[in-house]
Amino acid sequence: MTRKKRRLYMLGLALLGLGSATALALTAFQDNIVFFYSPSQLQTQQVGDRNFRLGGLVEEGSVQKQPDGVTTAFRVTDTAHTVDVRYRGQLPDLFREGQGVVAEGRMTGGVFVAREVLAKHDENYMPPEVSEALKQAGVYKNPAESATKTAKKE
Amino acid sequence: MIPELGHYALVLALFVALVQSVPPLVGAATRNAAWMNVAVPAAIAQMLLVLLAYAALTWAHVVSDFSVLNVVQNSHSAKPMLYKVSGVWGNHEGSMMLWIVMLTIFGAAVALFGRNLPPTLKARVLAVQGLIGVGFLLFILITSNPFIRVVPAPIDGNDLNPLLQDPGLAFHPPFLYAGYVGFSMAFSFAVAALIEGRVDPAWARWVRPWTLAAWSTLTMGIAMGSWWAYYELGWGGWWYWDPVENASFMPWLAGTALLHSAIVVEKRDALKSWTILLAIVTFSLSLMGTFLVRSGILTSVHAFAVDPKRGIFILVLLAIATGGSLLLYSLRAPTLKAGGLFAPISREGALVLNNLLLSTATATVFIGTLYPLFLDIMKLGKVSVGAPFFNATFLPVAIPMVVAMVVGPFLSWKRADLGAALTRLWVAGVAVVIAVAVTAYVKAGGGPLLALVGIGLAAWAFVGSLVEFADRIALFRTSFRNSWNRAVHLPRSAWGMTIAHACLGLSILGMTGTSAWQTESISAMKPGDRASVAGYEFQFDGVGLVDGPNFKAERGVFTVTKDGQRVATLEPERRSYSTTRMTTTESAIHTTVFSDLYVALGDPTQNGTAWIVRIYHHPLVPWIWIGGVGMMLGGLVSLTDRRFRIGAPERRRMAGKTGGKSAPLPAE
């Protein structure tokens with residue numbers, strides 16, 4: 001095989017690889033992308049039966065354990081609007097009223113049934129989507145700033 | 001005083017790094033030996049200074065010096081000593097210090113052990129290494145200085161994030177960083193070779209050990225991170241396709257490709273400019289990983305508090321390192337002389353296929369990880385890309401890769417007979433059929449089709465790799481004694497390959513087993529209640545209170561029985577750390593090597609008489625990490641191959657060797 005021919009083969013193979021990666025990615029994107037909505041966006045958005053992520057603050061006083069013991073009902077709010085959420089299973093360690101939360105699931109009869117409630121690593125951390133949504137609703141305060149404030153106070 | 005000493009040492013290290021990079025580069029261009037030689041003592045001095053700075057920071061953490069802001073924010077006087085030491089790298093500033101420590105250790109290692117490198121190449125490698133050091137030292141000093149004091153000093157600190165107070169995580173970052181940073185060596189060698197305008201088999205021999213070392217430690221780092229996620233997050237998952245996991249996985253994939261393409265450069269003097277490109281890409285992905293983790297721009301379990309300044313700084317570093325080296329590549333790569341020819345069906349051809357598939361896999365992970373970021377920047381909405389996407393894109397590429405991985409070593413260099421290779425693999429083929437049939441029978445239908453594919457793949461990879469080894473030592477074809485002799489005298493790199501490839505099979509077994517057949521039960525349990533999972537009876541005996549050094553815990557007691565026989569007592573905990581006001585789940589795991597019984601204690605229910613309990617049965621899950629450790633060992637065994645120590649370095653000898661060689665070369 002000549003050098004030129006070999007180079008052509010290699011180029012062809014490389015393009016094939018890149019092409020198949022792109023094709024795979026594009027087909028997978030159609031079914032597997034999960035959109036993020038805040039409660040306010042949900043008012044105008046047609047979500048149908050699609051899987052999506054909902055983010056905001058856990059409304060104070062809204063967390064209720066259901067009689068079966070493993071289902072929790074709570075409301076997610078961006079202060080302008082709220083959404084009822086139901087989740088069966090163990091909540092992440094940092095799940096608390098008044099804290100930011102991101103849940104993944106779908107709307108079923110006006111209630112957001114979460115399949116997963118995302119865990120966070122640290123309590124100063126706010127998922128970027130949530131802080132964005134809260135900023136839009138005008139109630140955001142930077143947790144990092146308030147944290148340094150407390151650190152300075154000490 | 002000691003933190004100031006550390007701070008001073010760090011600033012000094014910055015200037016030494018400049019000395020390490022500028023004069024040697026000029027010296028190498030003008031053939032000035034004195035200027036080139038500056039690089040060696042400079043590299044060693046830089047390492048010593050950075051180590052001194054790191055030691056100073058560790059000292060501040062160990063003695064709980066709360067006048068240092070970094071200690072205040074991440075430590076507490078009651079924290080156990082292990083976590084005072086590991087807490088140094090458990091935060092942003094300290095982890096960047098660890099990064100630079102690793103970088104300078106690698107640099108000094110080249111200075112000390114690279115005696116037989118050609119002087120200009122050595123000077124240039126150290127200079128590039130020095131430039132990376134300059135970038136990161138500036139980054140630390142400008143945006144992430146760990147030595148900042150706080151006045152007045154508080155009485156006690158804020159404590160380290162409790163999730164990080166865990167032995168598994170204590171050693172996860174050093175391994176991970178050794179891997180990330182280790183690829184900087186391949187990068188420096190690649191850039192130096194581009195400046196020299198020369199890549200030859202000798203070059204590949206110098207690069208391979210560094211790449212192997214980096215790859216091995218990165219493998220270990222990723223395996224440890226996955227193990228930690230499995231038992232500490234209380235969800236029993238071992239991989240989430242989380243952006244930060246992907247950030248470490250992409251350099252691993254690219255590094256694996258690099259490891260294999262460098263073999264072709266070394267043995268056959270081909271694929272040279274591709275290998276250089278891979279070296280650049282691998283390190284760029286490491287830098288990007290650092291950027292993704294440190295900037296906090298992606299939603300991730302790893303993202304800490306956000307500081308845009310840091311993200312931009314790393315992004316600029318990334319742009320300079322990647323952009324600069326790619327520019328150099330585009331100028332110099334066309335001048336690299338192409339080497340040996342080969343047919344598509346050959347060892348080289350198999351390694352090219354490996355590289356194509358690995359690059360494709362890297363590309364799919366890259367697209368999935370960065371696409372949300374791209375949409376966000378373009379204001380097209382907020383999305384997340386999760387496991388289903390990666391399963392749909394990564395697996396179709398990974399499966400043929402593993403299939404080909406077993407066949408490749410049977411092919412000879414230059415041209416090979418695929419049919420003959422497959423014939424020699426008949427034992428592995430039989431093993432696949434048996435494994436799939438047994439699985440289908442035992443699991444009555446076998447569960448999802450993908451699970452059967454996974455089991456077959458695992459059998460193929462494991463048995464196929466052993467068959468290759470047996471073939472090489474002529475097992476059963478000659479006397480056992482003879483085979484033994486052959487095995488003993490086989491190059492270590494051949495041992496390393498067999499171990500690593502076979503262990504990948506074990507990991508696949510574990511991944512398949514737990515993904516397909518895990519069973520779980522989530523229920524509210526009162527003391528005395530029983531739950532049954534996968535044939536095991538779990539009796540909840542009650543909850544006791546335990547005092548830890550910096551936490552209080554509720555500890556549940558579960559007695560596990562099977563067919564009336566006592567199997568284990570599991571004691572999962574829920575720990576509350578008073579300083580950080582955080583709760584962590586310490587799951588309890590009983591492993592039988594073939595499966596894990598996993599119990600996590602959740603919140604008490606409303607009236608406080610019952611607890612939410614998650615019980616899992618994870619079949620085969622330990623093999624994921626046994627395989628991971630095995631892969632690392634394979635890399636280390638390969639690293640001890642004598643040709644990396646003796647004979648390798650001299651270009652003259654190599655030049656004669658690579659010319660017209662037709663006999664099959666000693667296999668990799």
Item to check | Solvent-free Debye scattering, log10 I(q)/I(0), computed from the Cα coordinates of the protein assembly as shown at q = 0.06, 0.07, 0.08, 0.11 Å⁻¹ | outcome: -0.42, -0.57, -0.75, -1.39
Checklist entry - Using the alpha-carbon centroid of each, what span in Å lies between the range B:402-426 and the range B:22-49? => result 47
Item to check | Kirkwood-Stokes translational diffusion coefficient of the range B:519-620, alpha-carbon pairs, 37 °C, 0.692 mPa s, µm²/s | outcome: 236
Next on the checklist: Using the Kirkwood radius over C-alpha pairs as Rh, can you work out the diffusion coefficient of the range B:471-538 via Stokes-Einstein at 25 °C, viscosity 0.890 mPa s, in µm² per second?
Outcome noted: 149
Checklist entry - Treating the beta-carbon of each Lys and Arg as +1 and of each Asp and Glu as -1, no other charges, what is the dipole magnitude of the protein assembly as shown about its Cα centre, to the nearest 20 debye? => result 3860
Item to check | Which listed pairs, of A:Lys5/B:Lys337; B:Lys309/B:Lys382; B:Lys272/B:Lys414; A:Lys65/B:Lys382; A:Lys4/B:Lys337, have C-alpha distances above 21 Å, in listed order | outcome: B:Lys309/B:Lys382; A:Lys65/B:Lys382
Checklist entry - So how compact is the range B:1-165: Cα radius of gyration and Dmax in angstrom? => result 17.8, 58
Item to check | Mean Cβ count within 10 Å, highest first, over the residues of peptides B:631-643, B:472-484, B:335-347 | outcome: B:631-643, B:335-347, B:472-484
Checklist entry - Given the convex hull of the Cα atoms of the range B:326-408, what is a quarter of its surface area in nm²? => result 8.1
Next on the checklist: Rounded to two decimal places and with Rh computed the Kirkwood way over Cα pairs, what is Rg over Rh for the range B:402-516?
Outcome noted: 1.03
Checklist entry - What is the range B:361-457's relative contact order, in percent, from Cα pairs under 8 angstrom and six or more apart in sequence? => result 20
Checklist entry - What is the average number of partner chain Cβ atoms found within 10 Å of a Cβ in B:358-365? => result 4
Next on the checklist: Using Cβ counts within 10 Å as a stand-in for footprinting exposure, how do B:Glu468, B:Glu586 rank, fewest first?
Outcome noted: B:Glu586, B:Glu468
Item to check | Backbone HN-Hα couplings from phi across the range B:450-460 [Karplus 6.51/-1.76/1.60, Hz, Gly and Pro as x] | outcome: 4, 5, 5, 4, x, 5, x, 5, 4, 5, 4
Next on the checklist: Please report the spacing between the Cα centers of the range B:313-390 and the range B:498-559 in Å, no decimals.
Outcome noted: 39
Next on the checklist: Below 8 Å, C-alpha to C-alpha, sequence gap of six or more: please give me the relative contact order for chain B in percent.
Outcome noted: 12
Checklist entry - Tell me, how many Å apart are the Cα centres for the range B:193-256 and for the range B:86-133? => result 17
Checklist entry - Given the rule -39500 (n - 2.57) for each run of at least 4 DSSP H residues, summed and divided by the residues of the protein assembly as shown, what is its mean residue ellipticity at 222 nm, to the nearest 500 deg cm²/dmol? => result -19000 deg cm²/dmol
Next on the checklist: Rounded, prolate or oblate, given the Cα gyration tensor of chain B, with a/c below 1.5 counting as rounded?
Outcome noted: oblate
Checklist entry - Using θ = phi - 60° and the Karplus form 6.51 cos²θ - 1.76 cosθ + 1.60, what ³J(HN,Hα) does each residue of the range A:37-54 get, whole Hz, x for Gly and Pro? => result 10, 8, x, 5, 5, 5, 5, 9, 8, 7, 9, x, 9, 6, 7, 8, 9, 10
Item to check | Under Karplus coefficients 6.51, -1.76 and 1.60, residue-wise ³J(HN,Hα) of the range B:115-121 in Hz, glycine/proline x | outcome: 4, 9, 6, x, x, 5, 4
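Laboratory data are not the source of any read-out in this text; all were calculated from the coordinates shown. None of the values given here were measured: they were computed from a predicted structure. Using ideal geometry, Cβ is built from the backbone for each residue, glycine included, and neighbour counts are taken over all protein chains shown.
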